[in-house]
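A quick write-up on the structure given underneath.
The values are calculated or read from the model by the stated rules, or taken from the named source; none is laboratory data. Quick caveat: nothing in here was measured; it's all calculated off a predicted structure. Backbone-built Cβ (ideal geometry, glycine too); neighbour counts: all protein chains shown.
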């Protein structure tokens with residue numbers, strides 16, 4: 001009976017995402033699928049002058065390198081964790097198109113408590129839930145980061161920030177920040193204490209704010225903002 005109910009619930013969510021999926025947009029996928037670091041976006045307005053923010057570096061920034069190679073973008077990267085700083089300091093990542101800040105993305109400025117990676121080889125530090133945190137790092141909201149970098153909009157915001165994505169999305173929607181595309185990994189199936197209902201609520205909030213879901217692959221979701229909708233009747 002429990003298996004049947006779970007299957008029924010999974011079917012309900014599949015229908016939910018199918019209804020929300022808007023297929024009228026051309027999309028491109030870049031990055032390494034084998035490490036879940038492949039991201040899909042609409043390329044129509046992306047070029048050398050595009051503003052790209054990438055929250056969460058981890059051990060794989062093949063997506064960011066592909067943006068530089070294919071579109072000439074400059075990418076602003078954020079990750080204060082030992083894994084992120086180790087990755088950005090590799091020789092191959094010392095390129096002019098990358099600008100690095102050792103801060104975490106969050107819904108507010110301050111500090112963020114993080115727990116050690118559940119998989120040391122994969123290396124993702126995640127938002128602390130209970131017990132003693134392993135480290136405490138500085139965190140900054142998207143609006144403040146835009147002011148720091150002199151930007152009045154963001155063309156692509158990638159959010160792979162291990163449980164902090166929900167508050168970042170809430171803050172973006174509350175402030176009505178001009179973020180044209182949001183690529184986010186939701187962690188309801190990946191981290192303890194994060195429920196699928198949290199993800200559903202976040203997606204519904206985005207939909208009610210005018211964002212359209214243009215791709216779902218695993219736990220990676222891609223959304224396009226209302227400001228771009230008029231380009232695709």
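Return yes or no: is residue 183 in contact with a strand residue (DSSP E or B) (Cβ under 9 Å, 6 or more places away or on another chain) and modelled with pLDDT under 85? Walk me through it before giving the result.
Values: in contact with a strand residue (DSSP E or B) (Cβ under 9 Å, 6 or more places away or on another chain): yes; modelled with pLDDT under 85: no.
Against the criterion (in contact with a strand residue (DSSP E or B) (Cβ under 9 Å, 6 or more places away or on another chain) and modelled with pLDDT under 85), residue 183 does not qualify.
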Inset, instruction - Mind listing whichever residues of segment 201-220 are surrounded by 15 or more Cβ atoms within 10 Å (Cβ to Cβ) and under 14 Å from the mean Cα position of the chain (by Cα)? - result: 202, 203, 206, 213, 215, 216, 219, 220
Inset, instruction - List the strands (runs of 3 or more DSSP E) that sit entirely inside segment 56-165 and contain at least 3 residues that are closer than 26 Å to residue 226 by Cα and touching a strand residue (DSSP E or B) at 6+ places or on another chain (Cβ under 8 Å). - result: 74-78, 156-159
Inset, instruction - Could you tell me which numbered condition residue 193 fails, if it satisfies all but one of (1) in contact with a helix residue (DSSP H, G or I) (Cβ under 9 Å, 6 or more places away or on another chain); (2) modelled with pLDDT under 95? - result: (1)
Inset, instruction - Can you run down the residue pairs with Cβ atoms below 8 Å, 6 or more apart or on separate chains, where the first is in segment 23-38 and at positive phi and buried (at least 18 other Cβ atoms within 10 Å of the Cβ) and the partner is part of a helix (DSSP H, G or I) and modelled with pLDDT of 90 or more? - result: 31/62; 31/63; 31/66
Legend entry - Which numbered condition residue 227 fails, given (1) in contact with a strand residue (DSSP E or B) (Cβ under 6 Å, 6 or more places away or on another chain); (2) at pLDDT below 95: (1)
Legend entry - Residues located in segment 156-180, provided they are closer than 22 Å to residue 50 by Cα, crowded, with 21+ Cβ neighbours inside 10 Å and over 10 Å from the mean Cα position of the chain (by Cα): 172, 179, 180
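Results for (1) within 18 Å of the chain's Cα centre (by Cα); (2) more than 29 Å from residue 74 (Cα to Cα); (3) part of a helix (DSSP H, G or I); (4) modelled with pLDDT under 75, shown as yes or no for each residue.
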{"site": "8", "(1), (2), (3), (4)": "no, yes, yes, yes"}
{"site": "15", "(1), (2), (3), (4)": "no, yes, yes, yes"}
{"site": "18", "(1), (2), (3), (4)": "no, yes, yes, yes"}
{"site": "26", "(1), (2), (3), (4)": "no, no, no, no"}
{"site": "29", "(1), (2), (3), (4)": "yes, no, no, no"}
{"site": "34", "(1), (2), (3), (4)": "yes, no, yes, no"}
{"site": "39", "(1), (2), (3), (4)": "yes, no, no, no"}
{"site": "44", "(1), (2), (3), (4)": "no, no, no, no"}
{"site": "49", "(1), (2), (3), (4)": "no, no, no, no"}
Inset, instruction - Output the qualifying pairs, or none if there are none: Cβ atoms under 7 angstrom, residues six or more apart or on different chains, first residue in segment 109-121 and on the phi > 0 side of the Ramachandran plot and loosely packed, with under 14 Cβ neighbours inside 10 Å, second residue at pLDDT 80 or above and not in a loop (DSSP other than H, G, I, E, B). - result: 110/139
